[in-house]
Structure formats: structure tokens, C-alpha cells
């Protein structure tokens with residue numbers, strides 16, 4: 001069984017690798033899209049207090065009243081960015 005090795009030039013190599021470079025860029029674009037959609041930002045009570053310039057008790061009252069949505073992660077209370085944006089929109093209107 002004889003195997004032949006052929007030498008190709010730079011231009012031929014570029015032509016053969018071009019589809020691979022296109023696939024790599026498509027994969028990179030998909031990865032960045034997935035990262036944008038998958039990451040949801042959450043704020044702690046202290047961060048919400050600083051953003052809204054409110055006391056902790058007021059933020060807890062807003063959560064209790066249903067004005068802010070909150071999630072409990074172990075001992076931490078986390079507020080999603082969407083809930084914070086909604087409260088800012090209602091305050092501005």
C-alpha cells in the first residue's frame with residue numbers, strides 16, 4: 001500500500017481552509033448569542049438599596065407588597081434585573 005504526500009501552496013491551502021474559518025466564526029457568533037440570552041442579572045438587597053436610594057426596610061416592604069419580585073438563594077435574597085427595571089419605569093411615569 002503506497003501513500004502519496006502532495007505539497008500544496010499557500011493559495012490552495014487558504015481555499016481548503018476557508019470553509020473551516022467560516023464555521024469557526026459562525027460557532028463564535030452562536031456562543032455569544034447563547035451567552036447573551038442565558039445570563040440573567042440579579043441584584044442583592046444592598047445593591048437595590050444603592051440603586052433606588054432606599055432603605056433596606058423599604059426594599060423588603062416592596063418585596064412583601066409584590067412591587068419587586070425576589071428569589072431566595074440559600075440565605076440571600078436576589079432581585080432580577082427585569083423586576084428592578086419595571087419598578088424604575090413605574091417610578092418615572
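Taking the stretch 34-44 only, how many residues are exposed (fewer than 11 other Cβ atoms within 10 Å of the Cβ) and in contact (Cβ under 8 Å) with a residue 40 or more places away in the chain?
Looking only at the stretch 34-44, we keep the residues that are exposed (fewer than 11 other Cβ atoms within 10 Å of the Cβ), and these are 34-41.
The next check asks that each one be in contact (Cβ under 8 Å) with a residue 40 or more places away in the chain; those that pass are 40-41.
Residues meeting the conditions: 2.
Going through 68, 54 one at a time, which residue ends up being part of a loop (DSSP other than H, G, I, E, B), touching a strand residue (DSSP E or B) at 6+ places or on another chain (Cβ under 8 Å) and within 26 Å of residue 91 (Cα to Cα)? Lay out the reasoning, then the answer.
On the way: 54 fails: touching a strand residue (DSSP E or B) at 6+ places or on another chain (Cβ under 8 Å).
Exactly one residue qualifies, and that residue is 68.
Residues are listed down the side, and each one gets a yes or a no for (1) buried (at least 16 other Cβ atoms within 10 Å of the Cβ); (2) out of contact with any helix residue (DSSP H, G or I) (no Cβ under 6 Å at 6 or more places or on another chain); (3) assigned to a loop (DSSP other than H, G, I, E, B); (4) without any contact (Cβ under 8 Å) to a residue 24 or more places away in the chain:
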| site | (1), (2), (3), (4) |
| --- | --- |
| 32 | no, yes, no, yes |
| 46 | no, yes, no, yes |
| 49 | yes, no, no, yes |
| 62 | yes, yes, no, no |
| 79 | yes, no, no, no |
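Throughout, read-outs are computed from the coordinates displayed, never taken from laboratory work. A quick note: this is a predicted structure, and the numbers were derived from the prediction, not measured. Please note: Cβ atoms are built from the backbone with ideal geometry, for glycine as well, and neighbour counts cover all protein chains shown.
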